[in-house]
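The values are calculated or read from the model by the stated rules, or taken from the named source; none is laboratory data. As the structure is a prediction and not an experimental result, all values here were calculated from the model. Here the Cβ positions follow ideal geometry from the backbone for every residue, glycine too, while neighbour counts run over all protein chains shown. Ligands, DNA and RNA are excluded from the accessible area calculation, which covers all protein heavy atoms including side chains. Shrake-Rupley method; radii C 1.70, N 1.55, O 1.52, S 1.80 Å.
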Amino acid sequence: MTRPSSSKPPVSPKTRGPKKIRMEPSIILDAAQTVFAEEGMAGASVRAIARRAGCDPALLYYHFENKEQIFTALLERKFKVLVPRLQSVAQSRASTRQKLDQIIEALAEYVKDDAGFRAVVRGQIVQGAESVTPHLVDPLRQVHEALSDVFAQGLASGELRADLQAPIVAFLFAGTYLEIQDLVPALSPHMPHLPDQPMLPLAERMWLDLFWRGIANPEPPSRRPRS
């Protein structure tokens, strides 16, 4: 009589831990940008970013070592498109005034709607955070160099006043533009006697016209009397 086999069928191994979920770095960066804007660099945490992204913090550590590296990746994502565009404007054959219009268009597209993130970047610059500043300075330096090139070309062509210094004008141009983006929307609702129309586009246009009048050569080469 044949005895029944005492061997048992193999038991499939149990899967340990939760099932891994694929998370694209871009989703993490989108969540991080929101958290940084709401909480600031100091108040943000990897857990808060993971919660906003809808994933486990361990998944963030798979892509990034810490929140500083996430912040650096955000900077790279934003500036890797903006900087080449500004450099292209600087290399174009347009007039200096036309180039300024194109620069405003580029800045508006990439930094205009990120008030919270702009505040975080500004805070890191002012505070001089050692872990972030080196990564922050390089793209800002490239932006400044592109703007300086535009103004240097305007000086060389005689379109701008000869007493100007291109690097200083570039600082004033970019800094004032960013201040307008933050101050006009915040303060205009509380100011009486302002025009009943969207204030930011109006302020941008008036500021650029005033800025141009301040730096433009009142007697450009094409209008100078011949000797």
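Would you mind counting up the charge near Ala170? Only other residues with Cβ under 10 Å from its Cβ, with Lys and Arg at +1 and Asp and Glu at -1. Intermediate results must be reported in sequence, preceding the final value.
Numbers: positive: none; negative: Glu145, Asp149.
Every neighbour counted, the sum reads -2.
Report the relative contact order of region 71-215, percent, no decimals, based on alpha-carbon pairs under 8 angstrom and at least 6 residues apart. Before the final figure, lay out the partial values.
Working: 87 pairs, mean separation 34.2, N = 145.
24 percent.
With every protein chain left in place, what is the accessible area of His135 in Å² (1.4 Å probe, nearest 10)?
Here the residue's solvent-accessible area equals roughly 90 Å².
Which of the three applies to region 71-215, rounded, prolate or oblate, going by the alpha-carbon gyration tensor with a ≥ b ≥ c and a/c under 1.5 meaning rounded? Numbers along the way, then the final one.
Numbers: a/c = 1.77, a/b = 1.02, b/c = 1.73.
Oblate is the answer for region 71-215, as a/c is 1.5 or above yet b/c matches or exceeds a/b.
Local charge sum around Arg93 (other residues, Cβ-Cβ under 15 Å, Lys/Arg +1, Asp/Glu -1)?
Values: positive: Arg97, Lys99; negative: Asp101, Asp149, Glu159.
After counting each charged neighbour, the total is -1.
Counting only protein heavy atoms, what percent of the accessible surface of region 71-215 is carbon or sulfur at a 1.4 Å probe?
Answer for region 71-215: carbon and sulfur cover 59 percent of the accessible area.
Once the piece of chain linking Ser92 and Glu109 is laid out straight, how much longer is it, given 0.36 nm per residue of separation minus the C-alpha distance between them?
Values: separation 17, 0.36 × 17 = 6.12 nm, distance 1.92 nm.
Taking Ser92 through Glu109 to full extension adds about 4.2 nm, to one decimal.
Rank-order 194-201, 119-126, 145-152, 208-215 by packing density, defined as the average count of other C-beta atoms within 10 Å over each peptide's residues, highest first. Spell out each step's value before the answer.
Details: 194-201: 10.9, 119-126: 16.4, 145-152: 21.1, 208-215: 13.8.
Descending mean neighbour count gives 145-152, 119-126, 208-215, 194-201.
Rounded to the nearest whole Å², what accessible area per residue is found for region 71-215 with the 1.4 Å probe? Write out the running numbers ahead of the final one.
Details: 7970 Å² over 145 residues.
That works out to 55 Å² per residue.
Need one number: nm distance between label points at Asp30 and Arg51, each 7 Å from Cα along Cα→Cβ, rounded to one decimal.
Here the answer is 2.0 nm between the modelled labels.
Tell me which residues come under 5 Å, amide H to amide H, from Leu160 once H is placed; ignore anything under 5 positions away on its chain.
Distant-sequence amide H within range of Leu160: Leu155, Asn217.
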